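Let me begin by presenting the structure, written as structure tokens, before commenting on it.
The values are calculated or read from the model by the stated rules, or taken from the named source; none is laboratory data. Quantities reported herein were computed from a predicted structural model and do not represent experimental measurements. Cβ placement follows ideal geometry from the backbone for every residue including glycine, while neighbour counts extend to all protein chains displayed. Ligands, DNA and RNA are stripped out before the accessible areas are found, and what is left, the full protein with its side chains, is counted by its heavy atoms. Shrake-Rupley method; radii C 1.70, N 1.55, O 1.52, S 1.80 Å.
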Amino acid sequence: MRLVSYDVSGQVHAGLLIDDAVVDLAPAGFSSVLGAIENTDLWQSKVERLTTDGHRVSLSSVKLLAPIPAPRKLICVGLNYLDHAKETGAEVPKVPTIFNKFATSVIGPGDQVKLPKVSNQIDYEAELAFVIGRGGRHIAAQDWRQHVFGYTIVNDVSARDYQRATSQWLMGKTFDTFAPMGPCIVTADEIADPHNLKIGLRLNGKTMQNSNTKELIFKVPELIAFLSSVFTLEPGDIVSTGTPAGVGFSRKPPVYLQPDDEMVVSVEHVGELKNSVVAEQQ
């Protein structure tokens, strides 16, 4: 199943995406996608009836939002693809590099990334993200499937000058609008192996990133075990797993985002996330 959040007259609704239509989850008792995830043991039996009996509205008639518009945690993994480590000349990490983005950075499909006036080195990063269903602490790596609700797409937009100014990446990663997300959450049962998915990004129609999640250094089981050894993972937490080779700052000459650019991130079996770029108003 594919879960979405969408706007109707300023109200956020949770829905199922079925072909080119959206089915509201409210009749099943869920006013938000997070509510469905928090009740993962109950929601599927209730929702399955909606796939045939639920009222459908055209996808073109609603505004899609980020699947979880204000996640409790948006956790990101840096330097987590072998091909990306090679292109940057970095040593392959022995421990995951973890940072986060604040909820104010999250935007949905079709929304505009705003280029901040304090930076001219804004970069793109195509990423597969997984969404926690059942939370916990000290989760064993072999139990990872019991804790993944589904998968979505994140574009980890980054201000490279701010990111590289210090050893801490946070400030370069969490500008407003720097976490496009969506268009949906694909439930885990639809992704047989998250570690063998084509992933890429097109910028103005040109392929910039073209890889596969098999290049991941730390895979989903390891990340869940590592993160939960430090803090409690909660339902709806989003973990963005890193980006492959082809980022703008590694190119010669570097390619940074400009006003009117169009980005399309694609992940096999998950979909496409499209966002345009505008300059921040002075």
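So the check is Cβ under 6 Å with 6+ separation or different chains; which pairs have a first residue in region 182-206 that's on the phi > 0 side of the Ramachandran plot and among the polar types (S, T, N, Q) and a second one that's surrounded by fewer than 19 Cβ atoms within 10 Å (Cβ to Cβ) and not in a loop (DSSP other than H, G, I, E, B)?
Sorted first by the residue in region 182-206, then by its partner, the pairs are ASN204/GLU262.
Scan region 71-86 and give yes if some residue there is of a type in the set (Gly, Ala, Ser), in contact (Cβ under 8 Å) with a residue 24 or more places away in the chain and surrounded by fewer than 17 Cβ atoms within 10 Å (Cβ to Cβ), otherwise no.
Scanning region 71-86, I find no residue that is of a type in the set (Gly, Ala, Ser), in contact (Cβ under 8 Å) with a residue 24 or more places away in the chain and surrounded by fewer than 17 Cβ atoms within 10 Å (Cβ to Cβ), so the answer is no.
Using the structure shown, decide if LYS114 is out of contact with any helix residue (DSSP H, G or I) (no Cβ under 8 Å at 6 or more places or on another chain), under 27 Å from MET263 (Cα atoms), of a type in the set (D, E, K, R) and at pLDDT 95 or above. Don't jump to the end; show me each part of the working.
Working: out of contact with any helix residue (DSSP H, G or I) (no Cβ under 8 Å at 6 or more places or on another chain): yes; under 27 Å from MET263 (Cα atoms): yes; of a type in the set (D, E, K, R): yes; at pLDDT 95 or above: yes.
The answer is yes for LYS114.
Can you pull out the residues in region 145-160 that are assigned to a loop (DSSP other than H, G, I, E, B) and among the β-branched types (Val, Ile, Thr)?
VAL157
Results for (1) under 17 Å from the mean Cα position of the chain (by Cα); (2) of a type in the set (Gly, Ala, Ser); (3) part of a helix (DSSP H, G or I), shown as yes or no for each residue.
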| site | (1), (2), (3) |
| --- | --- |
| HIS138 | no, no, no |
| GLN142 | no, no, yes |
| TYR162 | no, no, yes |
| ALA165 | no, yes, no |
| GLY172 | no, yes, yes |
| ILE185 | yes, no, no |
| PRO194 | yes, no, no |
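Among the residues of region 1-35, which ones are among the polar types (S, T, N, Q) and over 15 Å from PRO71 (Cα atoms)?
SER9, GLN11, SER31
Please identify the pairs in which a residue from region 150-176 that is over 20 Å from PHE130 (Cβ atoms) has its Cβ atom under 6 Å from the Cβ atom of a residue that is of a type in the set (D, E, K, R) and assigned to a loop (DSSP other than H, G, I, E, B), counting only partners at least 6 apart or on another chain.
Listed pairs, sorted by first residue: none to list.
For region 44-54, does any single residue satisfy the condition of being within 23 Å of VAL239 (Cβ to Cβ), at pLDDT below 90 and either open to solvent by 10 Å² or more (accessible area, probe 1.4 Å) or in a loop (DSSP other than H, G, I, E, B) (or both)? Explain how you work it out, then say what you get.
Restricting attention to region 44-54, the residues satisfying the condition of being within 23 Å of VAL239 (Cβ to Cβ) are 44.
Now narrow it down to the ones that are at pLDDT below 90: 44.
Right, trim to either open to solvent by 10 Å² or more (accessible area, probe 1.4 Å) or in a loop (DSSP other than H, G, I, E, B) (or both) and you get 44.
Checked region 44-54: at least one residue is within 23 Å of VAL239 (Cβ to Cβ), at pLDDT below 90 and either open to solvent by 10 Å² or more (accessible area, probe 1.4 Å) or in a loop (DSSP other than H, G, I, E, B) (or both).
Against the definition (in contact (Cβ under 8 Å) with a residue 12 or more places away in the chain and not in a loop (DSSP other than H, G, I, E, B)), how does ARG134 come out, yes or no? Show your work before the answer.
Values: in contact (Cβ under 8 Å) with a residue 12 or more places away in the chain: yes; not in a loop (DSSP other than H, G, I, E, B): no.
Criteria not met by ARG134.
Scan region 209-230 for residues that are of a type in the set (Asp, Glu) and either out of contact with any Phe, Trp or Tyr (no Cβ under 8 Å at 6 or more places or on another chain) or open to solvent by less than 30 Å² (accessible area, probe 1.4 Å) (or both) and jot them down.
Residues of region 209-230 of a type in the set (Asp, Glu): 215, 222.
Answer for region 209-230, where residues must be of a type in the set (Asp, Glu) and either out of contact with any Phe, Trp or Tyr (no Cβ under 8 Å at 6 or more places or on another chain) or open to solvent by less than 30 Å² (accessible area, probe 1.4 Å) (or both): just GLU222.
Out of the residues in region 252-269 that are of a type in the set (A, V, I, L, M, F, W, C) and in a strand (DSSP E or B), which is most open to solvent (accessible area, probe 1.4 Å)?
VAL264
If I ask for residues that are among the hydrophobic types (A, V, I, L, M, F, W, C) and within 13 Å of GLY182 (Cβ to Cβ), which ones from region 1-13 would you list?
Initial filter on region 1-13 (among the hydrophobic types (A, V, I, L, M, F, W, C)): 1, 3-4, 8, 12.
The answer is LEU3, VAL4.
Being of a type in the set (A, V, I, L, M) and farther than 15 Å from HIS13 by Cβ is the filter here, so list the residues in region 32-69 that pass it.
Within region 32-69, ILE37, LEU42 meet the criteria.
Tell me, yes or no, whether region 88-96 has at least one residue that is open to solvent by 20 Å² or more (accessible area, probe 1.4 Å), closer than 26 Å to SER250 by Cα, out of contact with any strand residue (DSSP E or B) (no Cβ under 8 Å at 6 or more places or on another chain) and in a helix (DSSP H, G or I).
yes
Of everything in region 217-256, what is among the hydrophobic types (A, V, I, L, M, F, W, C) and under 14 Å from ASP83 (Cα atoms)? Give them in sequence order.
ILE217, PHE218, ALA245, VAL247, listed by residue number.
Filtering region 144-160 down to residues that are among the charged types (D, E, K, R) and open to solvent by less than 10 Å² (accessible area, probe 1.4 Å), which residue is nearest to the chain's Cα centre (by Cα)?
ASP156
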